[in-house]
Amino acid sequence: MHEQSKEFELTAEEAAALDEIAGALGRFGQERGNLIPILQMVQERLSYLPPRAIELVASHLGMAPCEVYGVATFYNQFRFHPPGRYRIKVCLGTACHVKGGDIILENFERKLGIRDGETTPDREFSIERVACVGCCALAPVTVINETVHGHTAPSKVEGLLLGFQIERERKEREDKKHADGESQDH
Amino acid sequence: MATIYIDDKAVEATPGDSLLSVCLKNGIYVPHLCYLEELKETPASCRLCFVEVEGEPAPVTACTTMVREDLRVRTDTPEVRRLQRAALRLLLSVHRVDCGRCPANKHCDLQRIAALLGTGLKPKNLALLLREPQVVRVHPLFDYYPNRCVLCGRCVRLCRERHAMPLLTFADRGFSTTVTFYGQGNSEEIPCADCRACVKACPVAALWPRDSDAPVPGGEEEPSPNTAGSDPAEAGP
């Protein structure tokens, strides 16, 4: 459940975007009918709907925050967690469903300790379920950021995550080496 | 006043009143969950208060049927009971039956309806779909138990009726629908301590004042099969 998870601290960028949103709300009337266009505008700028944004929208429309939340959770298009650096999208379209896409989803959820629609506290990974990404011949399919991983199997899930970890560690080492090299130059 | 006949009994009623309220006032119990006397609008969403009305081709919901002269009603026909049992079975398939530890035990509407319909509280041939977590502690005073909740909406509608800024609402959709107190952080700023309408109206104690001493229900505490016999949940055929 969304409300159970800890609130993510806003990044400096997000805090700035939130200030902009407060200004942009003035362009919308205060009729309740504007709620969904407003939420779409907020999500476009923030990529998700943090509690502070929901409060902002609620006070603009004179609604209770819980009502705004109730409406927003009805629609699949709204997210309540920031997207991770790696956005894992597990396909549960018909072909992937038949090929066990739900097992792949469960594997990601278990390995990362989050549920679908959530993000790891370090904002590295987020899991979403999607309905058909258009390459059913490769079922079951997982899309991570822009890369399509076909024929995913539970055993491949760990490999994928390990690959990201190795990549990250290598990058950290290189950055460190780079930084060290620079400091020696001075 | 109009005279109507409920199960062949002549009853005086005011035209325009809901048939369900007339039945209840005259001591004829018709199963219902979403209907509340004090709220004018009824969503007719629980699909339990079916009755047969002469002239209607199929059973109708008593809460949305208005009293009119010479209405002839039967509340206990096999077709009515069949519909009610089906609705109750579906509700119970998403209900955690743990009556021994539930504060609603003995005055729970589900128990009462199951006893009336002669069905057990554990529907056969239906998968039990429970939700996580067992208890949601978001509100400063009340806990919400998703696996008790029957989503009748009494609490949501009452809160909307009483407070210009409602404090609880439905969230999500389909099987994951819940009642949520999203955004209520500070007990000083909310009227809940004095209102409690939602807790009082809940037919199944899905909203309950937080008792810090009470153990968190669910988890490992599932009663073992050999002790479950004494559970009132097991009553009925």
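Observations on the model:
- Pairs, first touching a residue at least 24 places away in the same chain (Cβ under 8 Å) and more than 9 Å from chain B (Cβ to nearest Cβ) in the range A:53-67, second among the charged types (D, E, K, R) and part of a loop (DSSP other than H, G, I, E, B), C-beta under 9 Å, six or more apart: A:L61/A:E31
- Condition check for A:G117: closer than 18 Å to B:R173 by Cβ, modelled with pLDDT under 95 and in contact with a Ser or Thr (Cβ under 9 Å, 6 or more places away or on another chain): yes
- Among the conditions (1) within 12 Å of another protein chain (Cβ to nearest Cβ); (2) farther than 16 Å from A:T73 by Cβ; (3) part of a loop (DSSP other than H, G, I, E, B), B:P146 misses just one, which is (2).
- Any hit, the range A:26-49, residues being within 12 Å of chain B (Cβ to nearest Cβ), modelled with pLDDT of 95 or more and either loosely packed, with under 14 Cβ neighbours inside 10 Å or under 23 Å from B:D172 (Cα atoms) (or both): yes
- Residue satisfying condition, being in a loop (DSSP other than H, G, I, E, B), within 17 Å of B:A201 (Cβ to Cβ) and either within 15 Å of the chain's Cα centre (by Cα) or not assigned by TED's automatic domain parsing to the domain that holds B:A2 (or both), within set B:L36, B:L20: B:L36
- Among the candidates B:A86, B:A114, B:A193, B:A127, the residue that is out of contact with any His (no Cβ under 7 Å at 6 or more places or on another chain), aliphatic (A, V, I, L, M), modelled with pLDDT under 95 and not in a loop (DSSP other than H, G, I, E, B) is uniquely B:A193.
- Filter result for A:I21 (without any contact (Cβ under 8 Å) to a residue 60 or more places away in the chain, closer than 21 Å to B:R137 by Cα and surrounded by 19 or more Cβ atoms within 10 Å (Cβ to Cβ)): no
- Some residue of the range A:110-117 being touching a residue at least 24 places away in the same chain (Cβ under 8 Å), in contact with a Leu (Cβ under 8 Å, 6 or more places away or on another chain), surrounded by fewer than 19 Cβ atoms within 10 Å (Cβ to Cβ) and within 13 Å of chain B (Cβ to nearest Cβ): yes
- Residues satisfying the stated conditions in the range B:60-119, i.e. among the hydroxyl-bearing types (S, T, Y), over 15 Å from the mean Cα position of the chain (by Cα) and within 23 Å of B:N147 (Cβ to Cβ): B:T119
- Residues of the range A:129-155 classified as buried (at least 16 other Cβ atoms within 10 Å of the Cβ) and either farther than 26 Å from A:R79 by Cβ or touching a Lys or Arg at 6+ places or on another chain (Cβ under 6 Å) (or both), total: 4
- Some residue of the range B:55-64 being part of a strand (DSSP E or B), in contact with a helix residue (DSSP H, G or I) (Cβ under 9 Å, 6 or more places away or on another chain) and not assigned by TED's automatic domain parsing to the domain that holds B:C202: yes
The values are calculated or read from the model by the stated rules, or taken from the named source; none is laboratory data. Quick caveat: nothing in here was measured; it's all calculated off a predicted structure. In this analysis, Cβ positions are derived from the backbone assuming ideal geometry, glycine residues included, and neighbour counts consider all displayed protein chains.
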